[in-house]
2 protein chains.
Amino acid sequence: MARPRAEDYDEKRKAILKTSAELFAEHGFDRASMSQIAQGCGVSKALLYHYYTNKDQLLFDIIRDHLDELIQGVELAVDTSKPAEALLRDYVAALLEAYRDANAEHKIQINEMKRLPPDQQEELKARERHLVRLFADAIAKAVPELGSGSLLLKPVTMSLFGMVNWHYLWFREGGPVSRDDYADIATTILLNGARSLAG
Amino acid sequence: MARPRAEDYDEKRKAILKTSAELFAEHGFDRASMSQIAQGCGVSKALLYHYYTNKDQLLFDIIRDHLDELIQGVELAVDTSKPAEALLRDYVAALLEAYRDANAEHKIQINEMKRLPPDQQEELKARERHLVRLFADAIAKAVPELGSGSLLLKPVTMSLFGMVNWHYLWFREGGPVSRDDYADIATTILLNGARSLAG
DNA sequence: CCTACCGATCGGTAGG
DNA sequence: CCTACCGATCGGTAGG
């Protein structure tokens, strides 16, 4: 009889991913050693290698899980039958909410993806494109002049991602402006800005 | 012959900084070895250590020189007697222009600064604050409702930096939207967005 | 033959 | 200004 998979296998995997993401973000991918990660997880290095065949696989799973959580967070939180403007606002709020407690993963996604082999990079970039498309479509619906073929849709969409994806460098939890406040601010800036561009 | 040694010294230093910045950005700070950098510069490792006592000093100089060039580029390019709105637009265009051919330094500034000792970090952060203040003041002048004490000035200013500092991840030279076009787009979005926020 | 896990240590390479 | 070489530590793997 084959030895069954440990009951807490998935739990342990998740815990390893979270700990290693924090160590990678804090010390950088190279300086965070597999020994440190094992120690931080309270497991032996050999057990760490049982869960992840190598360091790159750890990196891949961190980014993949993070992107999946962003996409899920955004897709589940919104009601696509809402008016386009409210829909975009909900997308932005959901994305900012999905970023809560995910600064480490966010930094790793932005900075370390290129270490991975091309096919793994492509798998992750496809998820990024999926997320971008959701937002671009919502913008195009809210500001129809930007839709279908306008050269402005891409730079406008990227401007929104710039605002939202840059927040981790200045936003502080518990400050005078909440996460939800900033969702309103960024959406208002983007929508009114985009309208005056299109007009 | 006027001080040929000094001139040669500065040239070599600049070349070393540029080469090492590119290697750091491409492979990461840890994986880009001092031997690689020496080889890329066409000098011996020992000569490299003659110019820079250690790897961290190289990192510090890359970021310091980069920030000085951004500040200088922005301060020299604008005419502060212009109307506030045109002034902000010129600031944004000058900053985007200063970022040309500086993607490597930009990435290093954002991602590797925390490796440095606290006093060196502080020296660099003071330069960052100086740059942010220039833009925040221009925004406050162009949209007076945001000035003096408004909780919105900081998130609005950070939204502009988000748009501009994020551009290196999607902007491609020679594409349909030029660097100058994007300066117009980002400024228009920010100004009209900020006005509707304040109103 | 599978998976779960340990103590010990490998060959190579880094900054200096 | 170079080559040779160091102390340390890395990612990854051995037997059981």
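The values are calculated or read from the model by the stated rules, or taken from the named source; none is laboratory data. Fair warning: this is a prediction, and the values are worked out from it, not measured in the lab. Using ideal geometry, Cβ is built from the backbone for each residue, glycine included, and neighbour counts are taken over all protein chains shown.
Here are some notes:
- Residue count, the range B:76-105 (criterion: acidic (Asp, Glu), under 24 Å from residue B:21 (Cα atoms) and in a helix (DSSP H, G or I)): 2
- Residue in the range A:55-73 that is within 14 Å of DNA strand C (Cβ to nearest atom) and not hydrophobic (A, V, I, L, M, F, W, C) present: yes
- Within the range B:54-64, the only residue that satisfies the criterion of being of a type in the set (D, E, K, R) and surrounded by fewer than 16 Cβ atoms within 10 Å (Cβ to Cβ) is B:56.
- Some residue of the range A:109-120 being in contact with a helix residue (DSSP H, G or I) (Cβ under 7 Å, 6 or more places away or on another chain), among the β-branched types (Val, Ile, Thr) and either closer than 20 Å to residue B:190 by Cβ or part of a helix (DSSP H, G or I) (or both): no
- Test: residue in the range B:68-78 that is at pLDDT below 95 and of a type in the set (Gly, Ala, Ser): yes
- Residues (more than 7 Å from every other protein chain (Cβ to nearest Cβ), more than 17 Å from residue A:102 (Cα to Cα) and under 18 Å from the mean Cα position of the chain (by Cα)) located in the range A:159-182: A:160
- Of the criteria (1) farther than 21 Å from residue B:177 by Cβ; (2) of a type in the set (A, V, I, L, M, F, W, C); (3) within 19 Å of the chain's Cα centre (by Cα), which one residue A:185 fails: (3)
- Residue in the range A:145-154 that is farther than 23 Å from residue B:152 by Cβ, touching a residue at least 24 places away in the same chain (Cβ under 8 Å) and either assigned by TED's automatic domain parsing to the domain that holds residue A:23 or assigned to a helix (DSSP H, G or I) (or both) present: yes
- The range A:41-60, subset within 9 Å of DNA strand D (Cβ to nearest atom) and not in a helix (DSSP H, G or I), residue nearest to the other protein chains (Cβ to nearest Cβ): A:54
- The listed residue being within 30 Å of residue B:31 (Cα to Cα) and of a type in the set (Gly, Ala, Ser), out of B:94, B:98: B:98
- Look at the range A:183-196: where a residue is facing chain B (nearest Cβ under 7 Å) and a partner is buried (at least 24 other Cβ atoms within 10 Å of the Cβ) and outside any helix (DSSP H, G or I), sitting 6+ places away or on another chain with Cβ atoms under 6 Å, you get A:194/A:143.
- Count of residues meeting criterion [in contact with a Phe, Trp or Tyr (Cβ under 9 Å, 6 or more places away or on another chain) and at pLDDT 90 or above] in the range B:39-56: 1
- One residue stands out among those in the range A:25-40 that are in a helix (DSSP H, G or I) and near DNA strand C (Cβ under 10 Å from one of its atoms): the one that is nearest to residue A:14 (Cα to Cα), which is A:38.
- Test set (1) over 29 Å from residue B:144 (Cα atoms); (2) away from DNA strand D (no atom under 16 Å from the Cβ); (3) of a type in the set (A, V, I, L, M, F, W, C) - residue B:84 fails condition number: (1)
- Every pair of residues 6+ apart whose Cβ atoms lie under 6 Å, when the first sits in the range A:14-31 and is within 13 Å of residue A:65 (Cβ to Cβ) and more than 9 Å from chain B (Cβ to nearest Cβ) while the second is among the charged types (D, E, K, R) and away from DNA strand C (no atom under 16 Å from the Cβ): A:21/A:105
- The range B:118-134, residues that are in contact (Cβ under 8 Å) with a residue 12 or more places away in the chain and more than 13 Å from every other protein chain (Cβ to nearest Cβ): B:120, B:123, B:124, B:127, B:130, B:131, B:134
- Unique match (being exposed (fewer than 14 other Cβ atoms within 10 Å of the Cβ), over 27 Å from residue B:106 (Cα atoms), assigned by TED's automatic domain parsing to the domain that holds residue A:190 and among the acidic types (Asp, Glu)) among A:68, A:101: A:68
- Any hit, the range A:82-97, residues being in contact (Cβ under 8 Å) with a residue 40 or more places away in the chain, within 16 Å of DNA strand C (Cβ to nearest atom) and in contact with a Gly (Cβ under 9 Å, 6 or more places away or on another chain): no
- Pick from the range A:105-115, criterion within 13 Å of chain B (Cβ to nearest Cβ) and touching a residue at least 60 places away in the same chain (Cβ under 8 Å), ranking: farthest from residue A:29 (Cα to Cα): A:106
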